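Chemist: So that we are looking at the same thing, I have put the structure below in structure tokens.
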Amino acid sequence: AQKVTQAQTEISVVEKEDVTLDCVYETRDTTYYLFWYKQPPSGELVFLIRRNSFDEQNEISGRYSWNFQKSTSSFNFTITASQVVDSAVYFCALSEAMRANNLFFGTGTRLTVIP
Amino acid sequence: EAQVTQNPRYLITVTGKKLTVTCSQNMNHEYMSWYRQDPGLGLRQIYYSMNVEVTDKGDVPEGYKVSRKEKRNFPLILESPSPNQTSLYFCASSLDSGSWYSGELFFGEGSRLTVL
């Protein structure tokens, strides 16, 4: 069975600090997908990234970067030079190939960026 | 505008009073699903539908029903709501229901349900 662990329940940083959100996953499938979503205080879910299991390249998008390591089953998310607008709950999620749209979510990490 | 629309967005009801949360998408998506979000538990899938008339249970289906009579609509039915169904509910849709992920999963804005 699949499992996603976000061990950090809450993190607080001061604005402009870098912060890394951890995500560890478990799956028996060799083909799977990993996701990060952001949930701002307004409550909607904002898609940030999807990565498939065959693509271990790290990705950078502006201040956001993701580090995918199959060897440690981790898909960590780093925000560089954090801003107050980054304050949100961040969810990591996993889906397996045969039911690729059925996402299994972690419990989320609440990030608070203090001005 | 491409969107997933849920109604109602907020609802307070009482135990045992049947209610339906509607979900509609305007993107001609095959796949639709329902999740509930609870503090400390993240989002958990309730039901999903691969296409019209095809539905299946997710991880927490107890106490819920769904139907998919039309492609665009996927209502969530609580026949006899109980306080443990107080939660934030999200509907989602995606273009393809196949085994390879072919597109983004679009989420609605959420429906906050309180059962007293």
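Chemist: Considering only A:55, A:22, A:86, give the residue with the highest GNM mean-square fluctuation for chain A, with springs between Cα atoms whenever their separation is below 10 Å.
Modeler: A:55
Chemist: Count charges around residue B:105 for me, please; just the other residues with Cβ under 11 Å from its Cβ, Lys/Arg as +1, Asp/Glu as -1.
Modeler: -1
Chemist: Under a GNM of chain A (C-alpha, springs under 10 Å), which listed residue has the highest mean-square fluctuation: A:91, A:54, A:68?
Modeler: Between A:91, A:54, A:68, it is A:54 that shows the largest mean-square fluctuation.
Chemist: Could I ask something else about it? Going through the stretch A:1-101, which trypsin sites (Lys or Arg not before Pro) have at most 15 other Cβ atoms within 10 Å and a DSSP loop state?
Modeler: Within the stretch A:1-101, the qualifying trypsin sites (Lys or Arg not before Pro) (loop, at most 15 other Cβ atoms within 10 Å) are A:16, A:28, A:63.
Chemist: Now for a different question. In whole angstrom, how far apart do the alpha carbon centroids of the stretch A:41-115 and the stretch B:1-62 sit?
Modeler: Here the answer is 23 Å between Cα centres.
Chemist: Mind scanning B:18/B:57; A:3/A:70; A:3/A:38; A:38/B:65 and naming the pairs with a C-alpha gap bigger than 24 Å?
Modeler: A:38/B:65
Chemist: Please list, or write none, the aspartates and glutamates whose alpha carbon is within less than 19 Å of the alpha carbon of residue B:69, excluding same-chain residues fewer than 8 places away.
Modeler: Cα-Cα hits under 19 Å: B:30, B:53, B:56, B:79, B:96.
Chemist: Residues of B:42-52, mean number of Cβ from any other protein chain within 10 Å of their own Cβ, rounded to a whole number?
Modeler: Mean partner-chain Cβ count within 10 Å for B:42-52: 3.
Chemist: Can you bin every Cα-Cα distance in the protein assembly as shown into 10 Å intervals starting at zero and give me the percent of pairs per bin, rounded to whole numbers?
Modeler: Taking every Cα pair in the protein assembly as shown, the percentages come to 8, 32, 35, 20, 5, 0.
Chemist: Spelling out what I want: for every residue of the stretch A:2-19, take phi, set θ = phi - 60°, compute 6.51 cos²θ - 1.76 cosθ + 1.60 (Karplus), and round to whole Hz; glycine and proline get x.
Modeler: Ordered by residue, 3J(HN,Hα) equals 8, 8, 10, 10, 10, 5, 7, 6, 9, 9, 10, 9, 8, 3, 5, 6, 8, 9 Hz.
None of the figures in this text is laboratory data; all of them are computed from the coordinates on show. Please read these numbers as outputs of a predicted model, since none were measured by experiment. FYI the Cβ positions are ideal-geometry reconstructions off the backbone, even for glycines, and counts take in every protein chain you see.
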